[in-house]
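These notes are about the structure you will find just below.
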Amino acid sequence: MTPLDAVIERLRGEQLCHRNDLTGCEVWTGEFDRSHKPTAFFGTGKVDVHEYMYQAASGEVVTRNHEVKLRCENDACILPTHMELLAKQRKVKEPLPEEDVAIVQEKYFEKGFRIDVIAEDHQWSKPYVTKLVAEARSRRAVTQ
């Protein structure tokens, strides 16, 4: 019996998982977090069961730049042979419209308008105007 088999047997004995003979999945019956991922208290604290099982089977450490994805369609599956380690996809930051940055450049930096006034004048949200100000500020710093 491999160490992984021992872990699965222990989890079955504690009624935290069971085998689905139709799909071959080892189905987690314990707690799930807000994002619907299996979670449990192992040793020092709460852990992501997918990461725990993947690491136990492969010996690879799951860093914050990676994520464990399931090949099967069952989010409750904790069987490492149904998992793969993938690099997390970084979100691409959309560039802000040049004309909006120019408006902020003029009104905020040259005329001294407040962010809330600019937002109201153009029917933009304050967080959006704040991003425009930050972008305009970074462009000014580069040119100076």
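Name the residues in the range 79-96 that are more than 19 Å from the chain's Cα centre (by Cα) and at pLDDT 90 or above, would you?
L79, P80, T81, H82
Do you know which residues across the range 79-92 are out of contact with any Cys (no Cβ under 7 Å at 6 or more places or on another chain) and not in a loop (DSSP other than H, G, I, E, B)?
Selection gives P80, T81, M83, E84, L85, L86, A87.
Out of (1) among the polar types (S, T, N, Q); (2) at pLDDT 90 or above; (3) out of contact with any strand residue (DSSP E or B) (no Cβ under 9 Å at 6 or more places or on another chain), what's the single condition that is false for S58?
It is condition (3) that S58 fails.
Of everything in the range 8-27 that's touching a Leu at 6+ places or on another chain (Cβ under 7 Å) and hydrophobic (A, V, I, L, M, F, W, C), which residue is surrounded by the most Cβ atoms within 10 Å (Cβ to Cβ)?
C17
Select the strands (runs of 3 or more DSSP E) contained entirely in the range 1-78, then report the ones holding at least 3 residues which are within 22 Å of Q89 (Cα to Cα).
Passing ranges, in order: 66-70.
The values are calculated or read from the model by the stated rules, or taken from the named source; none is laboratory data. A quick note: this is a predicted structure, and the numbers were derived from the prediction, not measured. Positions of Cβ are generated from backbone atoms using ideal geometry, with glycine treated the same way; all protein chains shown enter the neighbour counts.
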